[in-house]
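Structure first, then comments.
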Amino acid sequence: MMAVDLVEDAGFVALEAAHAEEAMRILERRTDICVVFTDIDMPGSMDGMMLAAAVQDRWSPIEIVIVSGHAAPEWSELPERSAFFSKPYNTSKVTATLHRMATQ
């Protein structure tokens, strides 16, 4: 819920998905999504890194924000057009990144 609040407080509409498979279904139905915000640790058969890779592969213009309170991937492991933040993250920096990504 904190991520949804952060996205909405930044002035964006947040579409919440319980797991990566649901996020993929939303992306398949919507053409107006420009940023995906995901946690590496998420339920389901795909983690956030797998979701990010799938988004990059199928919807390459979409920017991706990846967060985690446990794992910190190497920069070389991150998909193109993505940013990573460790939890607890600086909300001002995440908000600035969301705004930058949404206007590219």
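Modelled label positions at Ala71 and Thr91, each set 7 Å beyond Cα in the direction of Cβ, lie 2.7 nm from each other. The string of couplings for region 15-29 from the Karplus curve (6.51, -1.76, 1.60, θ = phi - 60°) is 10, 8, 10, 6, 7, 4, 4, 5, 4, 5, 5, 4, 4, 5, 8 Hz, one whole number per residue in order, with x for Gly and Pro. The dipole here belongs to region 2-102: it is taken about the Cα centre, uses +1 on the Cβ of Lys and Arg and -1 on the Cβ of Asp and Glu, and is about 240 debye. Mean sequence separation of contacting Cα pairs (under 8 Å, at least six apart), scaled by the length of region 2-102, corresponds to a relative contact order of 25 percent. Using 0.36 nm per residue and subtracting the Cα-Cα separation, the extra length available between Ser45 and Glu16 on full extension is 8.7 nm. Simple rule: put +1 on each Lys or Arg Cβ and -1 on each Asp or Glu Cβ in the chain, find the dipole, and look at Ala18, Ala72, Thr97; the Cα lying farthest toward the positive end is Thr97. The tail of the calculated P(r) for the chain beyond 23 Å holds 16 percent of all Cα-Cα pairs.
Coordinate-derived values only; no laboratory data. Bear in mind that the values here come from a model prediction, so they are computed numbers and not experimental data. Please note: Cβ atoms are built from the backbone with ideal geometry, for glycine as well, and neighbour counts cover all protein chains shown.
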